[in-house]
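The values are calculated or read from the model by the stated rules, or taken from the named source; none is laboratory data. Remember, predicted model here, so these are calculated numbers, not experimental data. A quick note on method: Cβ atoms are made from the backbone with ideal geometry, for glycine too, and the neighbour counts reach across all protein chains shown. Note: areas computed on protein heavy atoms with side chains; ligands, DNA, RNA excluded. Shrake-Rupley method; radii C 1.70, N 1.55, O 1.52, S 1.80 Å.
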Amino acid sequence: MSLTHPGLSVFETLESEVRSYCRGWPTVFDRAQGILMYDEEGRAYLDFFAGAGSLNYGHNNPVLKRALIDYMERDGVTHGLDMSTTAKRAFLETFHDVILRPRDLPYKVMFPGPTGTNAVESALKLARKVKGRESVVSFTNAFHGMSLGSLAVTGNAFKRAGAGIPLVHGTLMPFDNYLDGKAPDFMWFERLLEDSGSGLNHPAAVIVETVQGEGGINVARAEWLRKLADICKHWDMLLIVDDIQMGCGRTGAFFSFEEAGIVPDIVTVAKSISGYGLPMSLCLFKPELDIWEPGEHNGTFRGNNPAFVTAAAALQAYWADDEMEKQTLALGRQVEQALAAIRAEHPMAIREYRGRGLVWGLEFTAPALPTKVARRAFELGLLVETSGPKNEVVKLLPALTITSDELDTGLGTLARAVRDCT
Ligand code: PLP
């Protein structure tokens, strides 16, 4: 299939050059169900991309779809700013009963806007307001979104350059294993904090992903996260976990930080929280941090009520017990075994594989290869994206509701794509 496919011409002539995913997958998608997407010619693609982590329960999940259709058919409120609605009440009650209370998490819930970067901006604003300091620490290869505040704590040079203005008040520190284990954890960060000559302004907060998704599937060890939480406490800095991509069960537990046994001060959640691919984000914080004035942070699209409906339905359907978590961890072991076999077959081309739960990355030695592999996978009917600063990683992010057989099929296709490209 070529870029001159006639059905693509309006995208090529009218849509901005900024478009990206569609370039790697040059077809016109029309329908989607579960783990499959279909193009307008009826060709099926196994989706190991899942809306960049927004479709943890698959496309058009029937349980969520039923709840949404019922709500829309009875003319439930669609747009509600931050008015109190029955849909928002049901979401908040369910989130409290199914997620927060069983985990003993004390958080207040803020609806900062429709998308992940809105949640990050609100988290940064709140941390700065609470501490009365402007500086925030983030980590190498972090990705926190495309608005200016989020970009200032993001590592990627290409994305940062797009800002067009200086990105200030953010300082990047080495993420776990950035120095290949050659320096003790946090040696540089602690040295700067201790030394009044270091030039580091006392940070208000530290923002971290437990697994860096866009940054190349870099997995922070639980002990590294625990040490970070200790440092934050010791130096009076708020700990913000950005769980936008790794939350909602992606790594197994509902929140990706649960495994480390830490309780962040602030948590950002988006992507799969609505469960249906509808825009919705949350900023969660400890109650004593709730010093906002009414309306101090607002926005027109904070009350996406259809998203509240599908979010509540998803929590009830998948998180009332620990089945989803167990299944994700079991399926993750299946992915790990398959990636180990692919690596064993191509020891020169593949540097390593890494992941947690159902997020995995296959790092290639030649940065050009992952894009070729993803293109070959597309030709073979599998959607995978690439990540990492040089796109050196093939990233696997299937829906958590995938069956073991479907996973097997996709991993087989991936193995074939790698073979065809090496
Ligand atoms: N934070 C993380 C960890 C992300 O992975 C992303 C998106 O990929 C964002 C923030 C930004 O979310 P959005 O694209 O919905 O603004």
Would you please give the residues with an amide H less than 5 Å from that of Gly58, counting only those at least 5 places away or on a separate chain, with H modeled from the backbone geometry?
-> Leu400, Thr401
From largest accessible area down, sort Lys108, Lys233; use a 1.4 Å probe on the protein chains.
-> Lys233, Lys108
Of Lys182, Lys372, Lys286, the one that fluctuates the most in a GNM where the chain has Cα springs shorter than 10 Å = Lys182
Report, for the range 76-318, the % of DSSP beta bridges that are antiparallel, rounded to 5.
-> 45
Have a look at the DSSP beta bridges in the chain and tell me what percent are antiparallel, nearest 5.
-> 65
Can you list residues whose amide H is under 5 Å from Thr386's amide H, if they're 5+ apart or on another chain and H is modeled 1.01 Å from N?
-> Lys395
Ranked packing of 50-57, 29-36, most packed first, by mean Cβ within 10 Å = 50-57, 29-36
Report His234's accessible area, 1.4 Å probe, all protein chains in place, as a number in Å² to the nearest 10.
-> 140
Accessible area of Thr422, 1.4 Å probe, to the nearest 10 Å²?
-> 80
Enter the accessible area per residue of the chain (Å², integer; probe 1.4 Å; all protein chains in place).
-> 44
For Ala32, list long-range residues whose amide hydrogen, built 1.01 Å from N in the peptide plane, is under 5 Å from its own amide hydrogen.
-> Tyr38
Is the shape of the range 341-409 rounded, prolate or oblate, going by the alpha carbon gyration tensor and its root eigenvalues a ≥ b ≥ c, with a/c under 1.5 for rounded and a/b larger than b/c for prolate?
-> prolate
Choice from Gly155, Gly199, Gly249 with maximal GNM fluctuation in the chain (Cα, 10 Å cutoff) | Gly199
Taking square-rooted eigenvalues a ≥ b ≥ c of the alpha carbon gyration tensor, is the range 7-60 rounded, prolate or oblate, where a/c under 1.5 means rounded and, failing that, a/b exceeding b/c means prolate?
-> oblate
Value at 222 nm in deg cm²/dmol, rounded to 500, when DSSP H runs of n ≥ 4 in the chain each add -39,500 (n - 2.57) | -10500 deg cm²/dmol
Cα→Cβ-extended label distance, 7 Å offset, between Arg419 and Asp290, nm | 5.7
Which is farthest toward the positive dipole end of the chain among Phe301, Gly277, Pro26, measuring Cα position about the Cα centre, with Cβ charges +1 (Lys, Arg) and -1 (Asp, Glu)?
-> Pro26
So how compact is the range 76-318: Cα radius of gyration and Dmax in angstrom?
-> 17.6, 59
Mind ordering 156-167, 351-362, 334-345 by average Cβ neighbours within 10 Å, highest first?
-> 351-362, 334-345, 156-167
Total charge of the residues flanking Thr115 in space, meaning their Cβ is under 15 Å from its Cβ, with Lys and Arg +1 and Asp and Glu -1, is -2
Point-charge dipole on Cβ atoms (K/R +1, D/E -1) for the chain, about Cα centre, debye to 20 | 440
Considering only DSSP states other than H, G, I, E and B, which GluC sites (Glu not before Pro) in the range 1-57 qualify as loop sites with at most 13 other Cβ atoms within 10 Å?
-> Glu15, Glu17, Glu40, Glu41
Overall dimensions of the chain as given by Cα atoms, namely Rg and Dmax in Å | 21.3, 64
Got a number for the accessible area of Phe143? Probe 1.4 Å, square angstrom, nearest 10.
-> 50
From the Cα gyration tensor of the range 68-124, with a ≥ b ≥ c the square roots of its eigenvalues, which class applies: rounded if a/c is under 1.5, or else prolate if a/b is larger than b/c, or else oblate?
-> oblate
